[in-house]
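Input: a single structure, listed below in structure tokens.
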Amino acid sequence: MARLTLFYHLQDVNAEQAILELAGAADFNKLRSVDDLPWIEQLEANHVDVAIIELSSLSREDYLGLLDNVALSNIEFIFLSDGQPNPNLDQLMSHFAGYHFRKPYDMTLISDIFADFAQYLVSSPIRPRPFSSELDQYGLLVGSSAAMHKLYRTIRRVSATDSNVLIIGESGAGKELVANTIHLASPRLNEPFIAINCGALSPELVDSELFGHVKGAFTGAHRDHKGVFEQAEGGTLFLDEVTEMPIEHQVKLLRVLENSEYRPVGGAKVQLANVRIVAATNRDPIAAIEAGQFREDLYFRLAQFPIRVPPLRERGDDILGLAQHFLAYRNVAEKQNKSLADDSAQMIAAYPWSGNVRELKHAIERAYILADQEILPSHLQLPQASEMGASGDDQVVIPQGMRLDDLEKIAIYQALETTQGNKTDTAEQLGISVKTLYNKLSKYEQQVEAGESNAEM
Ligand SMILES: Nc1ncnc2c1ncn2[C@@H]1O[C@H](COP(=O)(O)OP(=O)(O)OP(=O)(O)O)[C@@H](O)[C@H]1O
């Protein structure tokens, strides 16, 4: 196995010496930054696994150079600073699940973190096997790449606390799985996990959905109704697509996050919420604030601990690994043994995937339905790069005797792809309500996971 490389860019010579002598650093080749080249360029030019960077100040230029820089996305970062507030570094941390330590540095901790990195940064090549998955799993998340292991470690750390968490990631990257995994890894795991989609709350009922109502509070309130804060009492409340909540309603969330108090509609008594909040967005929250769609004060309340979910395209061998994983689960559920042809595996590995794991999952599901035994490239129906984004010729060849519900599933997956995972647009395109779409998607997930795809009559 090749040795891992530790890049260091440090100004404090004593700290530099202490870091190089750490036991945890022993397994790394060491690469010192040179003075006459910006350190980001040096990182881009070398194969680096871990970078420890001491910054008296992180410039705006550095921040932009780091942000969404695919070349750097698989590097584990540790930033060291003198502790002076630095907005660029703060913003960077809201996108990166990296470490930031302030002076005086805890060398034992840094050594442990190096050792932790060394243990996980070993990538094992995936040998495609049709009937079993080879990927590591943490909670509900599957993946063996360095990017996923970094995510697992972040989740493990945040789960032990009661901080609010803001999960930032592209559509379909696995934000809900991350939220659910945080709950499962937290001391609240035996209490409820309640998820709501903030973009799908009906404007008239938003108070009632969040805080509940008492019987007779308004026309149609025939009995008491528990809002999501009460349903999640003692557990975790997942606020999905939080930036999609109309801005005028966001203040309602802010109030309850500030003092934990809420009052059901029509109720006389104020209730106290004991709920851990995990929120998610597929937008850049800073951009949403700048665009006037997201309250800055709510952002700061929610983002006590920001977590970035790596997009699928940054997960290396996990891409083919996930394809195998979804296929293996489907085979077990259907009691079949369909396999991926070699050229299909190559096609999956080489395909320019977006950030969306759902897209890959759907491609496998669709191909599974279309293939009799061996999944050929034509079954995958992956648009050529030149066709991506264009409407193209989307004809699906429907095998004879295909079940109506499979046909419906293909139509839903296809529509989700054309809308890039936007559920409101998908529902509209298909002529169904967003709620129906959610119900159908959650049924498909349960079918695959519980192995019941053929059980319904
Ligand atoms: N690491 C993973 N391992 C296994 N399945 C995954 C992983 N990440 C995502 N998925 C699958 O991809 C789909 C999308 O995941 P999820 O709903 O958590 O994403 P999301 O980011 O919350 O999506 P959206 O932006 O639409 O709300 C689900 O079917 C989920 O099971």
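Brief remarks follow.
- Members of the range 332-355 that are open to solvent by 10 Å² or more (accessible area, probe 1.4 Å) and not in a helix (DSSP H, G or I): K335, Q336, N337, K338, S339, L340, Y351, P352, W353, S354
- Among residues of the range 249-279, those that are in a helix (DSSP H, G or I) and closer than 15 Å to L201 by Cβ, counted: 6
- Top-ranked residue of the range 174-214 - restricted to ones that are within 15 Å of the ligand (Cβ to nearest atom) and in contact with a His (Cβ under 9 Å, 6 or more places away or on another chain), ranked as most open to solvent (accessible area, probe 1.4 Å): F193
- Of the residues in the range 317-331, at least one is assigned to a loop (DSSP other than H, G, I, E, B) and either on the phi < 0 side of the Ramachandran plot or of a type outside the set (K, R) (or both).
- Single unsatisfied condition, R276 versus (1) crowded, with 17+ Cβ neighbours inside 10 Å; (2) modelled with pLDDT under 95: (2)
- Residue match in the range 128-138 (condition: within 16 Å of the ligand (Cβ to nearest atom) and either modelled with pLDDT of 80 or more or under 27 Å from N29 (Cα atoms) (or both)): yes
- From I167, I110, residue being at pLDDT 90 or above, more than 15 Å from the ligand (Cβ to nearest atom) and either part of a helix (DSSP H, G or I) or within 17 Å of the chain's Cα centre (by Cα) (or both): I110
- Filter result for L340 (away from the ligand (no atom under 13 Å from the Cβ) and at pLDDT 90 or above): yes
- Of the residues making up the range 220-237, just one is touching a His at 6+ places or on another chain (Cβ under 8 Å), closer than 16 Å to A179 by Cα and part of a strand (DSSP E or B), namely T236.
- Top-ranked residue of the range 194-205 - restricted to ones that are in a helix (DSSP H, G or I) and farther than 22 Å from N274 by Cβ, ranked as nearest to the chain's Cα centre (by Cα): G199
- All told, A217 falls short of being away from the ligand (no atom under 16 Å from the Cβ), open to solvent by less than 30 Å² (accessible area, probe 1.4 Å) and either part of a loop (DSSP other than H, G, I, E, B) or touching a strand residue (DSSP E or B) at 6+ places or on another chain (Cβ under 9 Å) (or both).
Each row is one residue, and each column tells you yes or no for (1) in a loop (DSSP other than H, G, I, E, B); (2) surrounded by fewer than 18 Cβ atoms within 10 Å (Cβ to Cβ).
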site	(1), (2)
E16	no, yes
D35	yes, yes
L43	no, no
H47	yes, yes
I53	no, no
L58	yes, no
E61	no, yes
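- The residues in the range 146-164 that are of a type in the set (A, V, I, L, M, F, W, C) and away from the ligand (no atom under 12 Å from the Cβ) can be counted, and the count is 3.
- Filtered by the rule that a residue be modelled with pLDDT of 85 or more and open to solvent by less than 20 Å² (accessible area, probe 1.4 Å), the range 113-127 gives I113, F114.
- Residue within the range 356-366 that is part of a loop (DSSP other than H, G, I, E, B), open to solvent by 10 Å² or more (accessible area, probe 1.4 Å) and within 16 Å of the ligand (Cβ to nearest atom) present: yes
The values are calculated or read from the model by the stated rules, or taken from the named source; none is laboratory data. In this text, all values refer to a predicted model and were calculated from it rather than measured experimentally. Positions of Cβ are generated from backbone atoms using ideal geometry, with glycine treated the same way; all protein chains shown enter the neighbour counts. These accessible areas exclude ligands, DNA and RNA; they are computed on the full protein's heavy atoms, side chains included. Shrake-Rupley method; radii C 1.70, N 1.55, O 1.52, S 1.80 Å.
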